[in-house]
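Here the structure is laid out as structure tokens; the discussion comes afterwards.
The values are calculated or read from the model by the stated rules, or taken from the named source; none is laboratory data. In this text, all values refer to a predicted model and were calculated from it rather than measured experimentally. Positions of Cβ are generated from backbone atoms using ideal geometry, with glycine treated the same way; all protein chains shown enter the neighbour counts. The protein model used for the area step is the full one, side chains on, heavy atoms only, and it has no ligands, DNA or RNA in it. Shrake-Rupley method; radii C 1.70, N 1.55, O 1.52, S 1.80 Å.
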Amino acid sequence: MSAHRFAVPYPRLGSVLLEEELEILAEVIKSRKSLSQGCWREAFERKFGQLVGSRHALSVTSGTVALTFAIHLLDLELNDEVIVTPQTYKATIQPLLDYQVRVRFCDIEPNSMNLDAQLVEALITNRTKAIILVHYGGLPADMDKIMKVARRHGLVVIEDCAHTLGAEYRGNCPGALADIGCFSFHSTKNITTLGEGGMLTCNRDDWAERIDRIRSNDADAIYVRESREIGGRDAPPRWVPHAGEAYTHRCSQVRYSGSNATLSEPSAAVGVVQLNRLPQLVERRQTIAARITEVLEGFPSVCLPEVPPHVRHAYHLYTFFVRPAQGGERDALVAELERQGVEMQLRYFPLHLLPEWQSQGHRLGECPVAEQLWFTEQVNLPCSPALSDNQVDHLVDVLEQALGKLSCRKLSLAKR
Ligand SMILES: *Cc1c(COP(=O)(O)O)cnc(C)c1O
């Protein structure tokens, strides 16, 4: 679909790339150094770890890869159980399809779309290993409650932070609120490393070491230094790469064969520039969000997400709810917004109802709140810094008109 069919197209860019990114790319290319490894990746990871408040930050080629690696760290065994949110992008839990484990979908809160902490404990059994959650749309989940339950039962908690860079929870950053954080730098996300990229954060040294191996073609295995060398030679030949390891190490228990998933130098350099600009990018999202909120507050059929005072919302998505009980008609509103030039995309179809999860026995009715919100109530509006002032003006005008029109119709119907 071409961009100009809509006055406000759905943002393909969640961040904005400026002159500075072009300059850093020129610098990296002109340096004639390796584009595959060097100082930029290190700089990006150091900066990212400091920002998030995590001991380790390991860059990878996508958020999906970060999640795949994070789930690998759980060392899941046959019949283990994992508690997950149904309301997220499918990549959050997709890697679990590769394991013979039982996935338990935990329903969400009606006012935040985040995992409902009150429902978690009832799903825990003696086989439960982990909880995988998302901070939906950039709004941090109720981590105090979730971590309390998780710690009591010794569960690992993975935070999918793909929407959340720039958010805060009691002054701390998502990605450092639990055990493992997974970030995405896809084009649509809060910052981007040239279209694709991701980051895994954690505090445990042994996990960081395992991830560092499997992102760069080493196996996740136990390597032990051997004093005796193959063939009894004194020193391995200098011109054979990795000969040192081969000649002097023994390896056992290969748990993962390894991959090549490191971020390139140009991507990492752009990441550094984008991180520097993060405060402005999030501020712009918050400004747009405030304008939308101002309009929505005037309509009783609309319910806004609850943003607790101890939370800073990153507004990756602007989400609100149209309550049918108060006369709201979600589908009519979405159709009217599209007619008026706002390209609409609703996120996300409840995961337990995707065919791959239904084939594992998951069914409609399993997460009633997630289902009701998706099928009748939730609306997502574009909220990206890539929107121009004119586009934001158009968006709020059209929103006010559409809601006015639909509310009027409801009132006149009621009068008859
Ligand atoms: C985008 C996204 C991912 C996947 O990240 P990629 O970098 O696109 O692989 C995972 N989870 C959520 C919630 C996302 O929005």
Taking Lys405, Lys30, Lys189 and ranking on accessible area (1.4 Å, protein atoms only), highest first, one gets Lys30, Lys405, Lys189
Relative counts (whole %) of C-alpha pair distances in the stretch 252-296, using bins that are 5 Å wide | 5, 16, 12, 11, 11, 10, 10, 9, 7, 5, 3, 1, 0
Can you give the accessible area per residue of the chain, in Å², using a 1.4 Å probe?
-> 47 Å²
Whole-percent carbon and sulfur contribution to the accessible surface of the stretch 134-193 (1.4 Å, no ligands, DNA or RNA) stands at 46 percent
With a 1.4 angstrom probe the carbon and sulfur portion of accessible area for the stretch 1-100, in percent, totals 52 percent
Furthest towards positive pole of dipole, Ala289, Phe349, Pro382, structure part the chain, Cβ charges | Phe349
Quote the charge dipole size of the stretch 261-412 about the Cα centre in Debye, to the nearest 20; the model charges only the Cβ of Lys and Arg (+1) and of Asp and Glu (-1).
-> 120 debye
Percent of Cα-Cα pairs per 10 Å bin, from 0 to the last occupied bin, for the stretch 279-329, please list those.
-> 23, 49, 23, 4
What are the semi-axes of the equivalent ellipsoid for the chain, taken as the square roots of 5 times the Cα gyration tensor eigenvalues, largest first, in whole Å?
-> 42, 27, 17
For the stretch 152-218, the convex hull over Cα atoms projects on average to an area in nm² of 5.7 nm²
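Hey, if we sort Lys33, Lys129, Lys90 by accessible area with the 1.4 Å probe, largest down, what's the order?
Putting Lys33, Lys129, Lys90 in descending order of accessible area: Lys33, Lys90, Lys129.
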Can you give the accessible area of Val28 in Å² (nearest 10), computed on protein heavy atoms with a 1.4 Å probe?
-> 10 Å²
Just the accessible area for His313, please: 1.4 Å probe, Å², rounded to the nearest 10?
-> 10 Å²
Relative contact order [Cα under 8 Å, 6+ residues apart], the stretch 16-174, whole percent = 19 percent
Could you pull the accessible area for Glu306 with a 1.4 Å probe, rounded to 10 Å²?
-> 120 Å²
What percent do you get for the relative contact order of the chain when only Cα pairs under 8 Å and 6+ apart count?
-> 22 percent
Accessible-area composition of the stretch 195-333, carbon plus sulfur, in percent [1.4 Å probe] = 49 percent
The answer for the net charge of residues other than Ile146 whose Cβ lies under 12 angstrom from its Cβ, with Lys and Arg +1 and Asp and Glu -1, is -3
So how long is each side of the stretch 265-416 along the principal axes, counting just the alpha-carbon atoms, biggest first, in Å?
-> 64, 46, 34
For the stretch 1-155, max minus min Cα coordinate along each principal axis, in Å, sorted largest first?
-> 57, 42, 30
